[in-house]
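The values are calculated or read from the model by the stated rules, or taken from the named source; none is laboratory data. Remember, it's a predicted structure, so these values are computed and weren't measured experimentally. Remember, those area values only see protein heavy atoms, side chains included, never the ligands or the DNA or RNA. Shrake-Rupley method; radii C 1.70, N 1.55, O 1.52, S 1.80 Å.
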Amino acid sequence: QVQLVESGGGLVQPGGSLRLSCAASGSIRSINDMGWYRQAPGKQRELVAVITSGGSTNYADSVKGRFIISRDNAKNTVYLQMNSLKPDDTAVYYCNADAITIVTLFPMPYWGKGTLVTVSS
């Protein structure tokens, strides 16, 4: 099994910054893509950013130029640096990892429990 634990959420004023972290642990053989998703109240979960094991990234249009995703493969950790935050960024942010464990032979998606980000004055 794989466990993902997010940290770094909280309350921030518009224009401020936050950095989210997500550490994966468990019986991991390797991790392919890692990403961040978010779900605002009354809305569907949406992709925020994703990063491959090789470091290629992709972002939602709404966060391009403001958010930066990165990862430390040695620590099985993914980060999301969020700058110039807006009230519309308020949501629960979930970490996702496509991991191969010592039991499975193919990557499966795993999710964290989420961390709340609130952007408000």
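Along region 106-120, what does the Karplus equation 6.51 cos²θ - 1.76 cosθ + 1.60 (θ = phi - 60°) give for ³J(HN,Hα), rounded to whole Hz, x for Gly and Pro?
9, x, 10, x, 10, 10, x, 7, x, 9, 7, 10, 10, 10, 7
Given a 1.4 Å probe and the protein chains all in place, what does the accessible area of Arg38 round to, in Å² to the nearest 10?
20
Just the accessible area per residue of the chain, please: how many Å² with a 1.4 Å probe?
That works out to 53 Å² for each residue.
In straight Cα distance, which aspartates and glutamates are under 18 Å from Lys64, not counting same-chain residues fewer than 8 positions off?
Qualifying aspartates and glutamates at Cα under 18 Å: Glu46, Asp88, Asp89.
Consider just the alpha-carbon atoms of the chain and return their Rg together with their Dmax, both in angstrom.
Values for the chain (Cα only, Rg and Dmax): 14.1, 48 Å.
Gain in length, Arg29 to Gln3, computed as 0.36 nm per residue apart minus the alpha-carbon separation, to one decimal in nm?
The Arg29-Gln3 span can extend by a further 8.0 nm.
Springs between alpha-carbon pairs under 10 angstrom, Gaussian network model over the chain: which of Leu105, Leu80, Leu20 fluctuates most?
Leu105
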